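**Student:** Below you will find the structure I want to go over with you.
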Amino acid sequence: LLIDEIDRADDEFESFLLEILSDYQITIPEIGTIRAAEPPVVIITSNRTREVHDALKRRCLYHWIDYPDFDTELRIVRLKQPGIQATLSRQIVAAV
């Protein structure tokens, strides 16, 4: 399960997510409780635009992925666009 940009979610969604992460189940009033047969793998991303609640942080492993440096980004561009001119690839990376 991928939850992208958790910092854009409201408190109600974070509470909902806590149940999934701690009990491997969700409760929907109209349907009832649904339990996972296997513990789910959940990946949560954040842009750090606001603090995520401590209760949610305690249930997660934290891994910071920094923006790549110029040379790494240049290699990525060249891998994704094999025929790109060297000058153009440098200009693109410099602009970003």
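The values are calculated or read from the model by the stated rules, or taken from the named source; none is laboratory data. Quantities reported herein were computed from a predicted structural model and do not represent experimental measurements. A quick note on method: Cβ atoms are made from the backbone with ideal geometry, for glycine too, and the neighbour counts reach across all protein chains shown.
**Student:** Give, as residue ranges, the helices (runs of 4 or more DSSP H) completely inside the chain that count at least 3 residues that are surrounded by 10 or more Cβ atoms within 10 Å (Cβ to Cβ) and aliphatic (A, V, I, L, M).
**Tutor:** Values: elements: 11-23, 54-57, 70-80, 86-95.
Result: 11-23, 70-80, 86-95.
**Student:** Let me ask another. Within the stretch 38-96, can you find the residues that are within 30 Å of Ser22 (Cβ to Cβ) and of a type in the set (A, V, I, L, M, F, W, C)?
**Tutor:** Val41, Val42, Ile43, Ile44, Val52, Ala55, Leu56, Cys60, Leu61, Trp64, Ile65
**Student:** Within the stretch 62-82, restricting attention to residues that are among the acidic types (Asp, Glu) and under 29 Å from Val42 (Cα atoms), which residue is modelled with the lowest pLDDT? Full working, then the answer.
**Tutor:** First, the residues of the stretch 62-82 that are among the acidic types (Asp, Glu): 66, 69, 71, 73.
Subsequent filtering for residues that are under 29 Å from Val42 (Cα atoms) retains 66, 69, 73.
On the way: Asp66: 90, Asp69: 96, Glu73: 96.
It comes out as Asp66.
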